[in-house]
């Protein structure tokens, strides 16, 4: 919202004019795993607190600011057979996660992958970047070192504060017991080895002869 210098005339501008990551197939590397804590969710008319996490990826896309593209995806922190995180990690490493498997989420930062991205529209009409699919990487992508985990966590806290303010304005739901907060298990910061930014790629390249696609988790 802006005002002219000589009159009290306000103009409402789109707050989402940030450059959006291009769609398509991109080589990427995970640079962060963020524990979002317990959050209310609704399923089949019932509200409950579930633990959420966010995976952060850096792609080979170079934005107008000269920095590599950042895309994220949120999950419920669960490896039940039908959980979305279970399917995502299974597709990423190229083999299904089965009961009894253990996945150390601290090993995800630094792991490379291939992402399929699209632009989707939220119920409020806002366009956002969606990670539609993941698979093994076809080349090694080294983190640029420009991703700021502290700034990302600050933005998440600001989004949470806005959501909390909106929730206070809405009718209060029936009180429900608050479960004990689980002990943190996710890394709080990532310090990848810096490297020069790679050139953007619209499609995966053929695997290099010495490239090992195994992600290590």
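The values are calculated or read from the model by the stated rules, or taken from the named source; none is laboratory data. Since this is a predicted model, take the numbers as computed values, not measurements. Cβ placement follows ideal geometry from the backbone for every residue including glycine, while neighbour counts extend to all protein chains displayed.
Does residue 145 count as in a loop (DSSP other than H, G, I, E, B) and surrounded by 12 or more Cβ atoms within 10 Å (Cβ to Cβ)?
It is true that residue 145 is in a loop (DSSP other than H, G, I, E, B) and surrounded by 12 or more Cβ atoms within 10 Å (Cβ to Cβ).
Picking from 109, 99, 81, which residue would you name as being in contact (Cβ under 8 Å) with a residue 60 or more places away in the chain and part of a loop (DSSP other than H, G, I, E, B)?
109
Would you tally the residues in region 92-114 being buried (at least 16 other Cβ atoms within 10 Å of the Cβ) and in contact with a helix residue (DSSP H, G or I) (Cβ under 8 Å, 6 or more places away or on another chain)?
3
Cβ contacts < 8 Å: first residue at positive phi and surrounded by 13 or more Cβ atoms within 10 Å (Cβ to Cβ), restricted to region 36-64; second residue part of a strand (DSSP E or B) and at pLDDT 95 or above, any location; separation 6+ or different chain. Result?
Between residues of region 36-64 that are at positive phi and surrounded by 13 or more Cβ atoms within 10 Å (Cβ to Cβ) and residues that are part of a strand (DSSP E or B) and at pLDDT 95 or above, the close pairs are 37/51; 37/52.
Could you tell me whether residue 137 is part of a loop (DSSP other than H, G, I, E, B) and at pLDDT below 80?
In short, no.
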